[in-house]
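Read through the structure below, which is laid out as structure tokens, and then see the notes.
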Amino acid sequence: MKYLLMISFLFWAGLAHGEENKNQFKVAERTFEVPSSWKVEKPSSRMRKAQYKNGKAEIVVFYFGAGSGGSVEANVDRWIGQFKEPKDKLSAKVEKVEVKKSKITTVSAKGTYMSGSPFGQKVPMPNYAMRGAIIECEGGPIFIKMTGPIDKVLSSAKSFDRTVRSGL
């Protein structure tokens, strides 16, 4: 009987622990809190450290380690370049802040997002937006990017920013 109770306790404790981890991800020795509206997904590539869905918006996390992943400027340019329109037509905005000794560069843009793998075929997604953050860390930059319909990305921007800052 004691054995059965112990197994039952461990089972339920494991479920509770797993549920708790759904609302956070850990990368580069940092733990980030995620809103409960973000549904965890299996990362679609090995490059992605975490992947979520918030309605029709997708949130992805990349981390490559120290000295990898490219410069902040190169990634900002690449993210903005994922839109069909030229930069000056995207209402693109780049901001740099320092929070708790971490430099964060955020990027926003709106237009026709060209969805697809980096070297594969692209699918135009009109009326889309992107909100991205690059967190400069000792162990290498952490990249967090949300893309989706403009209204969903704009309404989720504050929770996205809270998630970015939660790991600092």
Net charge dipole size for the range 23-166 [Lys, Arg +1 and Asp, Glu -1 on Cβ; Debye, nearest 20]: 320 debye
Evaluated at q = 0.15, 0.17, 0.18, 0.24 Å⁻¹: base-10 log I(q)/I(0), Debye formula over Cα of the range 92-133: -0.50, -0.59, -0.63, -0.81
Hull volume in cubic angstrom per residue (convex hull over the Cα atoms of the chain): 138 Å³
Cα-based reach from Lys122 at 15 Å (exclusive), listing aspartates and glutamates while leaving out same-chain residues under 8 positions away: Glu85
Fluctuation leader among Gly116, Gly140, Gly55 - the chain, Gaussian network, Cα springs under 10 angstrom: Gly116
Dimensions in Å of the range 114-168 - Rg and Dmax from alpha carbons: 13.4, 37
Most mobile of Val34, Val76, Val94 in a GNM of the chain (Cα contacts under 10 Å): Val94
Neighbour-count ranking [beta-carbon atoms within 10 angstrom, fewest first] of Val99, Val72: Val99, Val72
GNM flexibility winner over the chain from Gly120, Gly132, Gly67 (Cα, springs under 10 Å): Gly120
Restraint check, Lys101/Lys152; Lys39/Lys101; Lys49/Lys101; Lys53/Lys87; Lys22/Lys49; Lys53/Lys84, Cα-Cα greater than 19 Å: Lys101/Lys152; Lys39/Lys101; Lys49/Lys101; Lys53/Lys87; Lys53/Lys84
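None of the figures in this text is laboratory data; all of them are computed from the coordinates on show. None of these values were measured; they are calculated from a predicted model. Every residue, glycine as well, gets a Cβ built from its backbone with ideal geometry; the counts of neighbours run over all protein chains shown.
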